[in-house]
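Written below as structure tokens is the structure these notes are about.
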Amino acid sequence: MSFHKNPVTFVSHVALKVSDLEKSKRFYTEVLGLNIKEQTSNSVSFTTNGQDVLLTITQPKTVNKKQEQRTGLYHFALLLPKRADLSQVVRHFIHLGARFGGGDHLVSEAIYLNDPDGNGIEIYVDREASVWQWSNGEVTMTTDPVDFDDLLKESVNPVWNGLPKETVMGHIHLQVNDLAKNKEFYVDGLGFDVVSRYGREALFLSDSNYHHHIALNTWSGTQIKHAEKTETGIESYSIVFPSEEKRQETVASLRELGIPVMEKENEVTVFDPSDIKLKLMIG
């Protein structure tokens with residue numbers, strides 16, 4: 001988990017718009033295994049350790065189902081501390097009859113599912129960074145089948161108690177319509193490094209040689225429109241910087257690119273090329 005704490009810059013929190021708050025709340029607690037931190041008449045925030053909020057869902061007064069051919073969230077990814085934890089989640093999903101897929105990415109093992117509004121979710125565990133393969137500054141990743149037979153050999157607790165308290169927001173993957181503009185924003189502006197590429201259609205970005213904190217893809221094409229504000233999907237997400245000095249350096253870089261940055265008291269926000277709100281936080 002050293003890639004998700006000071007002095008690394010990382011993603012910490014995702015906020016989603018949903019169409020049915022109660023239905024989504026049941027999914028995120030009963031299926032995914034998150035705990036409720038706070039709740040209002042139109043929003044719920046979730047935690048695993050009782051302190052840090054990983055996810056917030058809000059049901060706006062006016063909300064429509066997001067169209068598939070839109071920029072926005074591809075998936076958010078929850079990182080578990082141990083392989084046995086992933087085995088525990090798989091057993092839980094099998095018990096519930098939940099539909100999920102999987103992928104072995106060499107650097108990690110992951111499973112995938114959607115929430116009731118179709119928001120993509122990844123739950124994964126990293127392999128040790130010492131076995132990741134690097135060449136010319138890029139990490140080798142692929143998508144192979146998960147060896148579920150081997151994964152399920154991991155010793156687990158016979159009782160499901162939800163996701164472990166050490167779970168963190170591992171990364172976020174966004175669907176975009178212009179890879180060059182997003183690269184300028186996230187690399188030249190926010191300061192992330194390109195650590196992997198899938199042809200001309202996807203970039204994987206990170207700080208401190210993680211396999212990725214942010215991914216971007218144009219797999220739905222370069223003509224897709226931005227999601228409407230009234231559509232379900234991502235509302236915002238938070239990036240944590242190790243210091244105020246680092247955050248201000250980033251603000252200056254963004255403004256040099258002509259990107260508006262809003263500062264109000266201790267809140268710093270900016271919109272990426274897909275019109276997604278980012279909150280720039282201090283860890």
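Where strands (runs of 3 or more DSSP E) fall entirely within region 3-114, those with at least 1 residues that are free of Cβ contacts under 8 Å to residues at least 12 places away in the same chain, within 26 Å of VAL159 (Cβ to Cβ) and of a type outside the set (S, T, N, Q) are at 35-39.
Taking the criterion of being of a type outside the set (S, T, N, Q), open to solvent by 60 Å² or more (accessible area, probe 1.4 Å), assigned to a loop (DSSP other than H, G, I, E, B) and more than 17 Å from PRO81 (Cα to Cα), the residues of region 115-152 that qualify are PRO145, ASP147. Please tell me if LEU278 is in contact (Cβ under 8 Å) with a residue 12 or more places away in the chain, open to solvent by less than 60 Å² (accessible area, probe 1.4 Å), aliphatic (A, V, I, L, M) and under 30 Å from ASN64 (Cβ atoms). Taking the combined requirement at face value, the residue satisfies it. Checked against the criterion of being within 28 Å of SER208 (Cβ to Cβ) and among the aromatic types (Phe, Trp, Tyr), region 112-120 contains one or more residues that satisfy it.
Taking the numbered list (1) open to solvent by less than 70 Å² (accessible area, probe 1.4 Å); (2) more than 16 Å from the chain's Cα centre (by Cα); (3) not charged (D, E, K, R) in turn, ILE214 passes all entries but (2).
Taking the conditions exactly as written (modelled with pLDDT of 95 or more and open to solvent by 20 Å² or more (accessible area, probe 1.4 Å)), does GLU235 satisfy them or not?
Criteria met by GLU235.
The number of residues in region 1-39 that are farther than 24 Å from ILE214 by Cβ and β-branched (Val, Ile, Thr) comes to 3. Scan region 171-202 for residues that are outside any loop (DSSP other than H, G, I, E, B), open to solvent by less than 10 Å² (accessible area, probe 1.4 Å), among the aliphatic types (A, V, I, L, M) and within 25 Å of LEU16 (Cα to Cα) and the total you get is 3. Has region 159-179 got at least one residue that is acidic (Asp, Glu) and touching a helix residue (DSSP H, G or I) at 6+ places or on another chain (Cβ under 7 Å)? Within region 159-179 (the criterion being acidic (Asp, Glu) and touching a helix residue (DSSP H, G or I) at 6+ places or on another chain (Cβ under 7 Å)), the answer is no, since none of the residues qualifies. The requirement of being touching an Asp or Glu at 6+ places or on another chain (Cβ under 9 Å), outside any strand (DSSP E or B) and not hydrophobic (A, V, I, L, M, F, W, C) is fulfilled somewhere in region 157-166, by at least one residue. The requirement of being loosely packed, with under 12 Cβ neighbours inside 10 Å and among the β-branched types (Val, Ile, Thr) is not satisfied by THR56.
The values are calculated or read from the model by the stated rules, or taken from the named source; none is laboratory data. The shown structure was predicted, so the numbers you read here are calculated from the model rather than taken from an experiment. Counting neighbours? That spans all protein chains shown, and the Cβs are built from the backbone with ideal geometry, glycine included. Ligands, DNA and RNA are stripped out before the accessible areas are found, and what is left, the full protein with its side chains, is counted by its heavy atoms. Shrake-Rupley method; radii C 1.70, N 1.55, O 1.52, S 1.80 Å.
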